[in-house]
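Written below as structure tokens is the structure these notes are about.
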Amino acid sequence: MRFRLDVDGERREIEVEPIAGGFVIRIDGATYRARARPHADFVDVRIGAKQYRLRVQGNEAILGDEVHRLRIADVSEERGAGIEGRPTGKGAVVDVRSSMPGRVVRVAVAAGTHVRRGQTLVILEAMKMQNEIPAPGDGVVRQVAVAEGETITADRVVASIELGAPAAS
Amino acid sequence: MFRRLLIANRGEIAIRVARTAREMGVHCIGVYSEADRGALHRAAMDETVAIGGPLPADSYLHIAHVLQAAHDSHADAIHPGYGFLSENPTFATRCAEEGLVFVGPPPDAMALSGDKIAARKSMARLGVPVTAGVDRSLESVEEARAVAAEIGYPVLFKATAGGGGIGMSRVDRPADLAAAFESARSVALANFGNADLFMEKYLRRARHVEVQVLLDSRDGVGFVERECSVQRRHQKLVEETPSPGVGRSLRSRLIDTAVRGLRGLGYRNAGTVEFLLHDGQYTFNEVNARLQVEHPITELVTGVDLVRQQIRIAAGDGLEISQSELTRHGHAMECRVNAEDPIRNFLPSPGRIVSYREPTGSGVRIDSGVTTGSVVPPYYDPLIAKLIVHTRNRGETIQRMRRSIEAYEIRGVQTNLPFHRELLRRREFVHGDLWTTMVADLRIAARLRSRGPWEERVAAIAAALVASGQVARGATFPIERPSVAKWALVGRRERLEGGGHAVSPRRRR
């Protein structure tokens with residue numbers, strides 16, 4: 001199961017996979033193994049040696065002496081099908097999103113460009129570091145949604161790609 | 001002494017310079033780009049001036065805008081901090097032409113030290129050992145190949161006009177040389193407007209140590225070395241002083257060499273000479289003609305305020321200390337806190353800091369450019385703060401650093417604190433066995449699985465939401481069974497929502 005969880009205005013992409021006796025929780029590449037026991041008023045969660053007792057009320061979670069404001073969005077049952085997930089199926093059109101905010105320093109493709117998996121679509125610069133946004137699979141660029149020089153937010157669609165075999169080059 | 005100082009920088013270093021300048025009774029003028037309208041460094045100044053758009057080239061690097069701000073605010077001196085215009089001889093020259101005192105070296109000494117080949121030659125002439133290599137720019141791949149064959153692989157291409165580790169490229173085999181030559185040239189051209197390269201022998205498992213120097217027109221002081229071997233992609237991450245790899249006799253030779261070398265360049269003000277240590281030998285690496293990021297560790301072990309000395313030297317008041325008066329106590333270490341996610345290959349993580357809490361206690365110094373509610377813009381360096389600790393010896397310093405990392409809470413952007421936590425656990429680091437490629441060689445970041453206490457709490461919240469079926473039920477939750485007193489909840493909610501960005505979401509009862 002995947003969803004977006006906002007805690008105190010800080011957003012995380014969460015992936016939860018049930019395993020025997022608990023869950024594996026992945027947050028942007030970090031991995032935690034948790035055991036959870038729901039009670040009437042609260043849930044006991046154990047991660048490693050740490051024990052957490054949580055009360056969830058309305059849009060707030062009360063954890064120890066702290067209150068956190070929560071929001072859940074984009075719940076999906078599929079595994080690995082979200083934003084950075086592996087696309088499936090020929091002909092599927094997938095949106096490629098930026099993983100960080102930054103300035104578009106180069107757009108390397110245009111609508112109609114045949115691309116291979118891993119080929120650079122856009123180069124984004126943030127904090128003096130350049131990051132290449134690669135094609136998630138072989139296919140054809142349907143649309144490029146950003147322009148060079150533009151400053152974009154994280155999670156913005158930069159291009160969409162129709163999956164399929166690229167033309168022989 | 002001048003009365004009005006313009007600080008041509010942002011973030012932690014602008015705040016740090018203002019701290020000392022204000023103590024000296026100097027009126028501080030800050031500058032800010034459009035992206036820094038709400039930045040913390042503005043609050044540290046007596047007044048601030050807008051200098052242009054968010055991109056560095058439109059503001060902090062824009063010489064005409066910075067000089068205009070200095071004129072409009074009647075500044076009589078400019079402190080450049082580090083980065084941006086700090087090592088730009090054109091800027092230093094323009095300041096002089098406009099009657100502004102530049103707090104830094106004279107422009108010609110800066111130009112000499114900024115030209116890597118010229119600096120190598122000057123040092124060699126003064127009898128300073130330099131790394132094997134060539135003292136001319138390489139015109140062709142063939143020439144590079146001939147030099148590499150002569151000095152032996154691995155070799156390192158360096159940009160003549162380079163700095164900050166940019167434009168360096170290591171070559172292990174003759175087959176890789178041509179491609180590395182072309183790519184290093186294009187990187188150098190893009191970053192420094194000059195494609196010229198030279199070549200040095202690449203030293204495996206070398207330590208990077210450096211000596212801080214202060215020079216006025218009469219006297220000079222060299223400080224105990226700083227060890228800066230913990231780097232990633234030539235960017236320093238942890239610095240400490242003294243170096244666990246330098247003994248007394250090497251130390252005095254390094255200090256003597258650094259002071260002599262800088263004086264030979266006609267240098268004045270604060271500068272640093274970097275060396276590589278290899279097989280018990282030291283060779284000159286480069287000169288940094290500015291105040292450095294890691295200067296606080298030197299301040300902690302010697303009690304000397306380096307910014308104060310910089311300002312005094314620039315104002316013609318001279319050094320307050322001499323080499324023989326200099327004393328040293330204990331061991332200091334700095335961890336650079338960058339807005340980068342070490343779990344995702346140090347992906348930049350700009351954004352808004354929703355909660356910020358610093359470690360405290362004796363021997364803990366934080367030089368920070370952010371606080372709760374600060375926005376970390378994507379346009380600038382990822383360094384947001386420096387965690388610096390000082391104790392009697394290296395072992396205790398590591399312990400205090402570990403404790404301080406645990407107590408440092410920064411939420412809203414990812415930081416490299418989990419990397420530091422892991423590094424400080426490593427046997428090699430604890431034993432003081434340090435070398436410049438250790439972060440990559442030991443795959444320190446690759447072993448990270450979790451980000452720390454706060455992210456674990458997010459995981460616990462996520463687990464609780466899934467286990468209780470809240471996620472499956474949809475995006476919002478019905479309010480049910482308020483077992484906490486309603487008044488308490490109302491109070492908390494008001495405090496959470498009422499104060500805008502300045503309110504920390506963490507609440508104590």
> Can you name every residue in region A:1-31 that is closer than 25 Å to A:ARG97 by Cα, in a strand (DSSP E or B) and within 7 Å of chain B (Cβ to nearest Cβ)?
Replying inline: A:PHE3, A:LEU5, A:VAL7, A:GLU10, A:ARG12, A:ILE14, A:VAL16, A:ILE25, A:ILE27, A:ALA30, A:THR31
> Among (1) assigned by TED's automatic domain parsing to the domain that holds B:VAL304; (2) crowded, with 23+ Cβ neighbours inside 10 Å, which single condition is B:GLY167 missing?
Replying inline: (1)
> Taking region B:338-348 only, how many residues are at the interface with another protein chain (Cβ under 8 Å from one of its Cβ atoms) and more than 15 Å from B:HIS420 (Cβ to Cβ)?
Replying inline: 3
>> I want to confirm something. Restricting to region B:349-366 and keeping residues that are under 26 Å from A:PRO101 (Cα atoms) and among the β-branched types (Val, Ile, Thr), which single residue is farthest from the other protein chains (Cβ to nearest Cβ)?
In response: B:ILE353
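Yes or no, residue by residue, for (1) out of contact with any strand residue (DSSP E or B) (no Cβ under 8 Å at 6 or more places or on another chain); (2) β-branched (Val, Ile, Thr):
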{"residue": "B:ARG400", "(1), (2)": "no, no"}
{"residue": "B:SER404", "(1), (2)": "no, no"}
{"residue": "B:GLU409", "(1), (2)": "no, no"}
{"residue": "B:VAL413", "(1), (2)": "no, yes"}
{"residue": "B:LEU424", "(1), (2)": "yes, no"}
{"residue": "B:ARG427", "(1), (2)": "yes, no"}
{"residue": "B:HIS431", "(1), (2)": "yes, no"}
>> Give me the residue from region B:379-406 that is within 14 Å of chain A (Cβ to nearest Cβ) and free of Cβ contacts under 8 Å to residues at least 60 places away in the same chain and, out of that set, surrounded by the most Cβ atoms within 10 Å (Cβ to Cβ).
In response: B:PRO382
>> Please go through region A:43-57 and give me each residue that is more than 8 Å from chain B (Cβ to nearest Cβ) and either touching a Ser or Thr at 6+ places or on another chain (Cβ under 6 Å) or among the hydrophobic types (A, V, I, L, M, F, W, C) (or both), ordered by number.
In response: A:ALA49
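Go through region B:65-91 and report how many residues are among the hydroxyl-bearing types (Ser, Thr, Tyr) and either within 20 Å of A:LYS128 (Cβ to Cβ) or free of Cβ contacts under 8 Å to residues at least 12 places away in the same chain (or both). Give the steps one after another, and end with the answer.
Pass one, region B:65-91, residues among the hydroxyl-bearing types (Ser, Thr, Tyr): B:73, B:82, B:86, B:90.
From what is left, the residues that are either within 20 Å of A:LYS128 (Cβ to Cβ) or free of Cβ contacts under 8 Å to residues at least 12 places away in the same chain (or both) are B:82, B:86.
Selection size over region B:65-91: 2.
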>> List pairs: first residue in region A:120-132 and more than 7 Å from chain B (Cβ to nearest Cβ) and surrounded by fewer than 20 Cβ atoms within 10 Å (Cβ to Cβ), second residue among the hydroxyl-bearing types (Ser, Thr, Tyr) and part of a strand (DSSP E or B) anywhere in the structure, Cβ distance under 9 angstrom, at least six positions apart or on different chains.
In response: A:GLU132/A:THR120
>> I'd like the full set of residues that are closer than 13 Å to A:ILE47 by Cα and among the hydroxyl-bearing types (Ser, Thr, Tyr), limited to region B:421-462.
In response: B:SER450
> Within region B:381-399, can one find any residue that is over 12 Å from the mean Cα position of the chain (by Cα), charged (D, E, K, R), more than 29 Å from A:HIS68 (Cβ to Cβ) and in a strand (DSSP E or B)?
Replying inline: no
> Using beta carbons and a limit of 6 Å, which pairs, at least six apart or on different chains, have the first residue in region B:407-427 and under 19 Å from B:GLN231 (Cβ atoms) and the second one acidic (Asp, Glu)?
Replying inline: B:ASN416/B:GLU340
>> Looking for something under 21 Å from the mean Cα position of the chain (by Cα) and under 30 Å from B:ILE255 (Cβ atoms) - is there at least one such residue anywhere in region B:341-362?
In response: no
> Of all the strands (runs of 3 or more DSSP E) wholly in region B:199-315, which have at least 3 residues that are touching a Cys at 6+ places or on another chain (Cβ under 8 Å), buried (at least 20 other Cβ atoms within 10 Å of the Cβ) and of a type outside the set (Phe, Trp, Tyr)?
Replying inline: B:207-215, B:235-241
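Considering region A:58-67 alone, what residues qualify as being part of a strand (DSSP E or B) and facing another protein chain (nearest Cβ under 7 Å)? Talk me through it step by step, then tell me what you get.
Of region A:58-67, the ones part of a strand (DSSP E or B) are A:60-63, A:66-67.
Listed by number, the residues that qualify are A:ALA61, A:ILE62, A:LEU63, A:GLU66, A:VAL67.
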>> Please determine whether any residue of region B:29-42 is at pLDDT 95 or above, part of a loop (DSSP other than H, G, I, E, B) and either buried (at least 22 other Cβ atoms within 10 Å of the Cβ) or in contact with a His (Cβ under 7 Å, 6 or more places away or on another chain) (or both).
In response: yes
>> Restricting to region B:323-345, give me the number of residues that are surrounded by fewer than 20 Cβ atoms within 10 Å (Cβ to Cβ) and not in a helix (DSSP H, G or I).
In response: 6
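The values are calculated or read from the model by the stated rules, or taken from the named source; none is laboratory data. Here the structure is a predicted model, which is why all the values come from computation and not from measurement. Please note: Cβ atoms are built from the backbone with ideal geometry, for glycine as well, and neighbour counts cover all protein chains shown.
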